[in-house]
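The values are calculated or read from the model by the stated rules, or taken from the named source; none is laboratory data. Since we're looking at a predicted model, the values are computed, not measured. Methodologically, a virtual Cβ is constructed for each residue, glycine included, from the backbone with ideal geometry; neighbour enumeration extends over all protein chains shown. Each accessible area value is taken on the protein alone, full model and side chains, heavy atoms only, with ligands, DNA and RNA left out. Shrake-Rupley method; radii C 1.70, N 1.55, O 1.52, S 1.80 Å.
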Amino acid sequence: MLKTCIKGTGSYFPPRVVPNKFFESIVYTSDEWITTRTGIRERRFIDNGLAFSDLALPAARAALDMAGLPAEAVELIVVGTSTGDMISPASACILQKKLGAPRAVAFDVSAGCSGWVYSLQVAQKFVQDGSHQCALVLGGEVLSNRIDYQDRTTCVVFGDGAGAVVVGPCNGSDDGEILSTHLHADGELWDLLYLPGGSANPPSREMVEARMLYVKMQGNEVFKQAVRSLSAVALEALEHNGLTPDEIDWFIPHQANIRIMEEVARRLEIPIEKVIITVDRYGNTSAGTIPTSLDEAVRDGRIKRGDLVLVNTFGAGFTWGASLFRF
Ligand code: COA
């Protein structure tokens, strides 16, 4: 099996900044409540007429640019998203066309907020067996038109954005290495967090009137499960590689709520200075939180080549996972 590494990162957020104050006029909430209970100060929403692939395209181009590779070199596109442009075809195929990557095999992975970590593992298998040299792995969402602006527990937490990485075989000692990725799922608890609108709830007037177009979440139950699973899977990744938390250079937890992130870091005994935090500016972009946070920290110089990075994720399904890599 070939060793694999991350050759480039990219991200894109739509320019429209939506501060907490925006929600004060539509639901009974306050900037103070949102900031204190979630750590979110603002998020980005797309403008009408745009779709997920419009966020994915600049993220993909930036990642390829960092990797020094042209779009024509891409052999595989895996997109983790639950809010693609359409139910079918996959957003990966729409992106393949927009990007100009005609050789690429392209498909989406639906694993809620864990979509990017799941996609990373899938892509890594294609690269490890030598069949594909250049894989684009994306994660992101357009949640602004899938949140219920009458439900104060969900509408304040989500945002739009997309991130990308290029995965390929390690060529030299300067390259990092993806050490391992660990995935889990528990379908028993799917109804604590879901986005209806598939074959169980086909389009109808009743469906629209019942507000079945929007994310449904039992936030406090999800919170407890997230803390437990995110801590356990991070430890699993560390133990698998014979590492202890103090050996980690950077920790990128799923950016859903600052209180979840702080509690998981506390349980792992990772100091907060090593935690990459973007939830304050972008909210929860679901499958987008990890690749966008990784890209920010790489581009601002915090994460350097050779650094040991731990990421973990938790989302609808439930699904959860962690990945450990030397950047
Ligand atoms: N503004 C003001 N009050 C709000 C509110 C808001 N936006 N949202 C909820 N509340 C109220 C509730 O109605 C409740 O009021 P009550 O006590 O009168 O019934 C009270 O705050 C506590 O509600 P609770 O749901 O327990 O709040 P919380 O502290 O758990 O925060 C979330 C809610 C959604 C922010 C939090 O549970 C969370 O972040 N959950 C995990 C989200 C997540 O990880 N989701 C995706 C998985 S990736």
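Worth pointing out:
- Enumeration of residues in region 203-232 that are away from the ligand (no atom under 16 Å from the Cβ) and basic (Lys, Arg): ARG205, ARG211
- Residues of region 263-297 satisfying the condition of being within 25 Å of PHE318 (Cα to Cα), of a type in the set (Asp, Glu) and open to solvent by less than 10 Å² (accessible area, probe 1.4 Å): none
- Count of residues meeting criterion [farther than 14 Å from ILE290 by Cβ and touching an Asp or Glu at 6+ places or on another chain (Cβ under 8 Å)] in region 239-264: 4
- Flag for HIS132 being in a loop (DSSP other than H, G, I, E, B), in contact with a strand residue (DSSP E or B) (Cβ under 7 Å, 6 or more places away or on another chain) and open to solvent by less than 40 Å² (accessible area, probe 1.4 Å): yes
- Of the helices (runs of 4 or more DSSP H) lying entirely inside region 249-327, the ones with 3 or more residues being free of Cβ contacts under 8 Å to residues at least 24 places away in the same chain are found at 258-268.
- Of the helices (runs of 4 or more DSSP H) lying entirely inside region 1-103, the ones with 1 or more residues being β-branched (Val, Ile, Thr) are found at 31-38, 91-99.
- Top-ranked residue of region 98-120 - restricted to ones that are more than 16 Å from the ligand (Cβ to nearest atom) and either aromatic (Phe, Trp, Tyr) or surrounded by fewer than 20 Cβ atoms within 10 Å (Cβ to Cβ) (or both), ranked as nearest to the chain's Cα centre (by Cα): PHE107
- Among the conditions (1) touching a residue at least 60 places away in the same chain (Cβ under 8 Å); (2) of a type in the set (Gly, Ala, Ser); (3) under 30 Å from ASP280 (Cβ atoms); (4) open to solvent by 30 Å² or more (accessible area, probe 1.4 Å), the only one that ALA60 does not satisfy is (4).
Yes/no per residue for (1) under 18 Å from ALA90 (Cβ atoms); (2) more than 18 Å from the chain's Cα centre (by Cα):
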residue: ALA123; (1), (2): yes, no
residue: GLY130; (1), (2): no, yes
residue: GLN133; (1), (2): no, yes
residue: ILE147; (1), (2): no, no
residue: ARG152; (1), (2): no, yes
residue: VAL157; (1), (2): no, no
residue: GLY176; (1), (2): no, yes
residue: SER180; (1), (2): no, no
residue: LEU193; (1), (2): no, no
